Amino acid sequence: MRCPFCGHEETQVKDSRPTEDNTAIRRRRFCPGCGARFTTFERVQLRELTVIKKNGQRAPFDRDKLARSIMIATRKRPVEADRIERMINGIVRRLESMGEPEIKSDQIGEMVMEALATLDPVAYVRFASVYRNFREAKDFEDFVGRLGAAGADD
């Protein structure tokens, strides 16, 4: 593993342990070149996934990009980090188990929307505002109005 600080080719693993949910191995590493310490995570990847974007472009699936967008939606919300991590792991597992090597970005977006709806309503609206491309306050009003109407039906 290359050192992210100095680029030294060989780093040493000082400690390895499973994450709390046993979905990854956390490794503490040390660089003999510069003395820096850093952490890496090793996860099982069942298959290579390709995302088909709305414009037709194809890109490799990036778990970190998914995690970043969810973290932005849940920023400053009372949601525990381990619940977010379990949600991300669940979405990735669902994507990998679909059996398709190519997945439309809309499918991923809908999975995230579904998961956020049960996790935190504010994070759900935040994500929806970007995913559904809200352009003005009226878009928020309409979306939240539909949420309220759907909640009243339950």
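Sorting 43, 63 from the fewest to the most surrounding beta carbons within 10 angstrom yields 43, 63. Relative contact order of the chain: 15 percent, from C-alpha pairs under 8 Å at least 6 residues apart in sequence. Set against the 2.2 N^0.38 Å expectation for a compact globular protein, region 1-44 has a Cα radius of gyration ratio of 1.19. The charge dipole of the chain, taken about its Cα centre with unit charges on the Cβ atoms of Lys, Arg (+1), Asp and Glu (-1) only, comes to about 620 debye. Residues whose amide H lies under 5 Å from that of residue 24, counting only those 5 or more places away or on a different chain, are 19; hydrogens are built 1.01 Å from N in the peptide plane.
P(r) tail for region 22-126: Cα pairs beyond 19 Å make up 52% of the total.
Counting only DSSP H runs of at least 4 residues, each contributing -39500 (n - 2.57), and dividing by the residue count of the chain, the helix-based mean residue ellipticity at 222 nm comes to -15000 deg cm²/dmol. Taking amide hydrogens as placed 1.01 Å from N in the peptide plane, the amide H of residue 51 sits under 5 Å from those of 59, 61, 103, each at least 5 positions away in sequence or on another chain. Karplus-derived 3J(HN,Hα) values for region 127-138, using 6.51 cos²θ - 1.76 cosθ + 1.60 with θ = phi - 60°, are 5, 4, 4, 7, 4, 8, 6, 4, 10, 8, 4, 4 Hz; glycine and proline are entered as x. For residue 77, the amide hydrogen comes within under 5 Å of no other amide hydrogen, counting only partners 5 or more places away or on other chains and with H modelled in the peptide plane.
Taking every alpha-carbon pair under 8 Å whose residues sit at least 6 apart, region 1-57 reaches a relative contact order of 25 percent.
FYI, it's all coordinate maths here, none of it is from the lab. As the structure is a prediction and not an experimental result, all values here were calculated from the model. Neighbour counts run over all protein chains shown; Cβ positions are idealised from the backbone, glycine included.
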